[in-house]
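Here's the structure, in structure tokens; my notes come after.
The values are calculated or read from the model by the stated rules, or taken from the named source; none is laboratory data. It should be emphasised that the depicted structure is a prediction, and the values quoted were computed from it without experimental measurement. Cβ coordinates were reconstructed from backbone atoms using ideal geometry, including for glycine residues, and neighbour counts include every protein chain displayed. Please note that ligands, DNA and RNA were not included when accessible areas were found on the heavy atoms of the full protein model with its side chains. Shrake-Rupley method; radii C 1.70, N 1.55, O 1.52, S 1.80 Å.
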Amino acid sequence: MSRSFTYSSLILRVRPSGESNRDVWFLTAEEGIIRATSFGGPKSKLRAHISPFHTGTLWVYYNPVKDSRKVTDFDVHSWRPGIRERYERMISASSLVETILATQGGGGNWDTALALANSTLDALADADETHCTRIMVHFLWGWALFLGIAPELEHCAACACPPASDGLLWFSKRDGVLLCSNCARNHDAAAICPGARRWLAAVENLPSAQLVRYTLDAQALSQARFMTTHLLAGALGRWLSSWGAV
Ligand SMILES: [Zn+2]
């Protein structure tokens, strides 16, 4: 009755379970998020291999009677030790994990989700402090696009007009869209400058490692961060505490 399965996977979260076992949450290219139990004491080989932010091939034994999964092996392809070396990298990587778990892996097209998460973690593994925020905003924007909730960047969502001469559009937190100054009047809306919108458009399909090629000033970064986090909060119906620390 039992069956074995192989996955391309990223370890999102590891929690102790009982005496020496651990529950592990994986993002897989094949089935999205799955949870499996890893058995074995501190000396087992799997102990070191199974840790958050590791990417690799996962072998799982599925017991359909108990509807439970057991990790039989995990072959690490990317260890990313650099993430644990700096606080900002850890905070950003934890925020990525929390976002993926909260949105249940994105709900389809999981190999794209996995590729985006892996590319983000690779970039974070040797990023400096300022760069961590950019990498996370890039991830959150990619995730919003992936979930189909990213707004049109160069037109008002209500009247379709382009931005006025000051170049500003206004982000409505309630509706998750950009509006012109006229249409934004009755909204709780925040200005999003052309620099922030141009950057988001430019880096949309870019691997995280190439973000250094595009400049972004502090104000534009802060606005891009505001918009991406509130977009996802609107879709989820709640704010993730880790976004506050990004
Ligand atoms: Zn308008």
Output needed: Cys residues of the chain lacking any neighbouring Cys C-beta below 4.7 Å, sorted by number. Cys132, Cys159, Cys161, Cys183, Cys193
Plugging the Cβ-Cβ distance of Ser4 and Ala209 into 1/(1 + (r/R0)^6) at R0 = 51 Å yields, to the nearest 0.05, a FRET efficiency of 0.90
May I have the count of lysine pairs in the chain with C-alpha atoms under 29 Å apart, counting pairs 8 or more residues apart or located on different chains? 4
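Among 109-120, 183-194, what's the highest-first ranking by average C-beta atoms within 10 angstrom per residue? Please list the in-between numbers first.
Numbers: 109-120: 19.2, 183-194: 16.1.
For the peptides 109-120, 183-194, the packing ranking is 109-120, 183-194.
Below 8 Å, C-alpha to C-alpha, sequence gap of six or more: please give me the relative contact order for region 95-246 in percent.
Relative contact order, region 95-246: 26 percent.
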Between Arg134, Arg69, Arg225, find the one with the highest GNM mean-square fluctuation for the chain; connect C-alpha pairs within less than 10 Å. Arg69
Please give the Cα centre distance for region 91-119 versus region 223-237, rounded to the nearest Å. 15 Å
Measure nothing but the geometry: give the 0 to 90° angle between the long axis through the Cα atoms of 218-236 and the longest principal axis through the Cα atoms of the chain, rounded to 10°. 60 degrees
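Taking a probe of 1.4 Å, how large is the accessible area per residue of region 3-78, in Å²?
Ligands and nucleic acids excluded, the figure is 51 Å² per residue.
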Choice from Val137, Val203, Val97 with maximal GNM fluctuation in the chain (Cα, 10 Å cutoff): Val203
Under a 10 Å cutoff between Cα atoms, tell me which one of Ser95, Ser68, Ser208 has the largest fluctuation in the Gaussian network model of the chain. Ser68
Cα pair distances exceeding 24 angstrom across the chain, given as percent: 50 percent
Kindly report, to the nearest 10 Å², the accessible surface of Ile149 as traced by a 1.4 Å probe over protein heavy atoms only. 50 Å²
Between Glu154 and Asn109, the FRET efficiency computed from the C-beta separation at R0 = 35 Å comes out, to the nearest 0.05, as 0.85
Calculate how steeply helix 129-147 sits against the longest principal axis of the alpha-carbon atoms of the chain, using the helix alpha-carbon long axis, and give the answer as 0 to 90 degrees to the nearest 10. 90 degrees
Accessible solvent surface per residue of region 82-244, calculated while the other protein chains remain in place, 1.4 angstrom probe, Å²: 45 Å²
With the crude spin-label approximation of a point 7 Å out along Cα→Cβ, what separation in nm comes out for Arg15 versus His77? 2.8 nm
Could you work out the helix-only [θ] at 222 nm for the chain, with each DSSP H run of four or more residues adding -39,500 (n - 2.57) and the total divided by the number of residues, to the nearest 500 deg cm²/dmol? -11000 deg cm²/dmol
